[in-house]
1. Roughly speaking, what is the stretch gain from Thr119 to Lys86, that is 0.36 nm per residue apart minus the C-alpha to C-alpha distance, in nm to one decimal?
2. Residues of the chain: accessible area per residue at 1.4 Å, in Å²?
3. Of all the Cα-Cα pairs you can form in the chain, what percent are over 30 Å apart?
4. Top mean-square fluctuation among Ser23, Ser115, Ser88, Gaussian network model of the chain, C-alpha springs under 10 Å?
5. Just subtract the alpha-carbon distance of Cys24 and Leu36 from 0.36 nm times their residue separation and send over the number in nm, one decimal.
6. Calculate the length of the line joining the C-alpha centroid of segment 56-70 to that of segment 156-179, in whole Å.
7. Under 14 Å from the Cβ of Gly137, count the other residues' Cβ atoms, weight Lys and Arg +1, Asp and Glu -1, and hand me the total.
8. Taking 7 Å along the Cα-to-C-beta vector as the label spot, tell me the Asp149-Thr171 distance in nanometres, rounded to one decimal.
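The values are calculated or read from the model by the stated rules, or taken from the named source; none is laboratory data. Since this is a predicted model, take the numbers as computed values, not measurements. With ideal geometry, Cβ positions are generated from the backbone for all residues, glycine too; neighbour counts draw on all protein chains shown. Quick note on the areas: whole protein, heavy atoms, side chains included, nothing else; ligands and nucleic acids left out. Shrake-Rupley method; radii C 1.70, N 1.55, O 1.52, S 1.80 Å.
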Amino acid sequence: LGRSPKSRVVVIDPRRLYRAGVSCLAYTLSMHTTLLSLNLSTYPLGDSGAAAISASLSNVTTLEELILHGCQIGEAGAGALAKLIKASRSLQILILGMNGSGNAIGDAGATSIASALATNPKLLSLSLWKNRIGPSGATCLASRVASRDCLLQKLYIGENPIGREALRCLTDAAAVHGRLRLYGVDYVSDPGEPAVKV
């Protein structure tokens, strides 16, 4: 990675990342000004790592896809990612959960990301699958995506204990939005209950 500043798509081997360290990676990424896609899935970044990566990517004006599922990101890390979402004019796809591999951003993290959607004109797909989001976080997302100036087209919300009422809010918001499709709604649950297909 460090030898090729013109790399457009980067998938990191976790074994190499363990040796190099997140701070080294963050520094290197900040110099890759033509980066299109970055996949760090399943590497345990944690909140501090997510913050370092987000800060380093704030100067990358070409990044379209960021994949961070299974990275042990909590609400503080989600807050850092929200800042990246607000600053980016190129990010179109953000994946924080997929295929049963999520994070733990919770309601506070979902609320931070929801607020960031107000200022991002490009984000089209957001996957929050299995991120411990409850009713309040889902309701915040619903109120944000209902806005006509939100361009989001795909929202993955499965395996979160959002409850039926918040799911109804999201479904109504998608109907108001007109272009938004919800994915994983058959796999949501009530708080305190396991997520199962209904």
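1. My answer for the length gained is 11.3 nm.
2. That works out to 46 Å² per residue.
3. So the portion of pairs separated by more than 30 Å is 17 percent.
4. Of Ser23, Ser115, Ser88, the Gaussian network model singles out Ser23 as fluctuating most.
5. Once the chain is fully extended between Cys24 and Leu36, it gains 2.4 nm.
6. Here the two parts' Cα centres lie 26 Å apart.
7. -1
8. Placing both labels 7 Å along Cα→Cβ, they lie 3.0 nm apart.
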